[in-house]
Every structure is written in structure tokens, then in C-alpha cells.
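Everything below concerns the one structure shown next.
The values are calculated or read from the model by the stated rules, or taken from the named source; none is laboratory data. Every value quoted in this text rests on a predicted model; they were computed, and no experiment measured them. Note: ideal-geometry Cβ built from the backbone for every residue, glycine included; neighbour counts use all protein chains shown. These area figures cover heavy atoms from the full protein model, side chains too; ligands, DNA and RNA do not enter into them. Shrake-Rupley method; radii C 1.70, N 1.55, O 1.52, S 1.80 Å.
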Amino acid sequence: MKVSIVIPAYNGWTMTHSLLLDLYKHTSKDTEIIVVDDCSTDKEVSDGLAWWKGGMLSGRLRVFVNEVNSGFLRTCNFGVSKATGDIVILISNDVKISGDIEKSVLGSFDSESPTLVGARLLDMDTGWNTFNGVTYPYLEGWFLAFRKEEWLKFGGFDERYRPYDFEDVDISTTYKHFGGNLVWVDLPAFHLGAQTYKYSLEREAQTKRNQEKFKNKWTLQT
């Protein structure tokens, strides 16, 4: 199976550079790497991506730049649409990789059932994912792996939650709704967290709005 890695990025070049270096060290030379730049305002991003594309990741790295700043969800969906691999690994740029992520991920796709793989499964009440006494388990969105065909069939991240937050709860629920599996694997990956979208009162309000959208979408079906 061919693997594509998709990285959404907005500014924060030091993080993206570090992640590309990790992937250079720990992924197969046949693995496609896609970075989607969501209209970064820092020229260091475009210069740095050009350096990687013309250097150590030559022939492996594909770079796309959004026409307008689109936010995390749309940037991810666009990047997945451009992937040529059967298996897509979606990684936020604020993630550190310290070993072979592909081996563990690929071993999770033995089942013919729809499968969503992640580095952290939250199957308890987090304070956000329980409605009317029902807890909706989810894989955190900073590292997700899936068959591209299934992702497109299910519509990817639901853009009603744009620009960000609650998309991972929703896509996990979608997979479960269609009889799929949420698979947690112990990966050599660490999420720094909140590097692009900082924790703030504004973000908390955004999350609460999306929590209500999720409730309206899913609890009416159960």
C-alpha cells in the first residue's frame, strides 16, 4: 500500500521544519509528503518549503498553497484530496516523530471494515463529548490515518465545524456510525498542542459552538 502524509501548516515554520526532518529520518523513501500552506504570512514558510522540496525531500515533497486562508478543516480536506496514496496519514505540524510510524499504522488496516487510526483514543467523558448520558469516543485529530477511499466516501472533516475544533469527534462518530473501527496504536509521536490556534476565551467559544452543532447533528439520530 502506498502511503501519503498530509500536513496542514500556517506560519510556525520552526515546527513544520522539525516535523519534515523527523519524517525524512523515519519514513520510507517511497512515502509521499504533502504540505498545504494555508496562506502563511511568514515568508520563511515558503522559502523553507522550497528548500526541502529542492533538497533532501526532492521527489517526495509536494507543496500546495491555499488561495485564501481557509482554516484547519478545509486545509486538511484539500490536502487529502491531493494525496496519491491508498493510506493517508494526517499530521498537524506541531507534532514530533521519533520512530517508524508507518509500520504500526499499516498493520491496523487488516480488517475490511472502515478503519480510523489514531495516536490517542478518548473513550471517556472529557467534559465535551457526552450528550444525554451517551459518551462519543473519538481519536484526537492531530494524528489520524485512514484509507483515502473511505475518507472521501464519508466526506472527510465536516466543514460545518470550520475553521477548527470538534472535527475529530465528528469524523470518529461518522466512522462508528457506518460500522467502522476506531483503532488506537502506540506511536512514537508527541503532540505539542495549541501552537497555531492558542487556548483562549475565543477558542473556548468556538468549541462550544461546535459542540452544539455536533449535538444537533448526532443526538437527533440516536
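Structure data summary
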read-out	value
Accessible area of the chain belonging to carbon and sulfur atoms, whole % at 1.4 Å probe	50 percent
Probe 1.4 Å - accessible area at VAL134, Å² to nearest ten	70 Å²
Rounded to the nearest 10 Å², the accessible area of LEU192 at probe 1.4 Å	90 Å²
Largest-first ordering by accessible area, 1.4 Å probe, given options TRP52, TRP13, TRP128	TRP128, TRP13, TRP52
In nm, spacing of pseudo-spin labels at THR41 and ARG160 (7 Å Cα→C-beta vector)	3.2 nm
Exposure ranking of ASP100, ASP168 by accessible area [1.4 Å probe, largest first]	ASP100, ASP168
Separation of alpha-carbon centers, the range 56-86 and the range 1-23, rounded to whole Å	10 Å
ASP186 versus THR130: modelled label distance in nm, points set 7 Å from Cα along the beta carbon direction	2.8 nm
Antiparallel %, DSSP beta bridges [both residues in the chain], to 5	45 percent
Prolate/oblate/rounded label for the range 1-120 (Cα gyration tensor, a/c 1.5)	prolate
Cα gyration tensor category, rounded, prolate or oblate, for the range 90-211 with a/c compared to 1.5	oblate
Simple spin-label estimate for LEU201 and SER98 in nanometres, 7 Å along Cα-Cβ	3.8 nm
Solvent-accessible surface (1.4 angstrom probe) belonging to MET124, in square angstrom, nearest 10	90 Å²
Listed residues ARG62, ARG160 arranged by accessible area, highest first, probe 1.4 Å	ARG160, ARG62
For THR115, distant residues with modelled amide H under 5 Å away	ARG147, ASN181
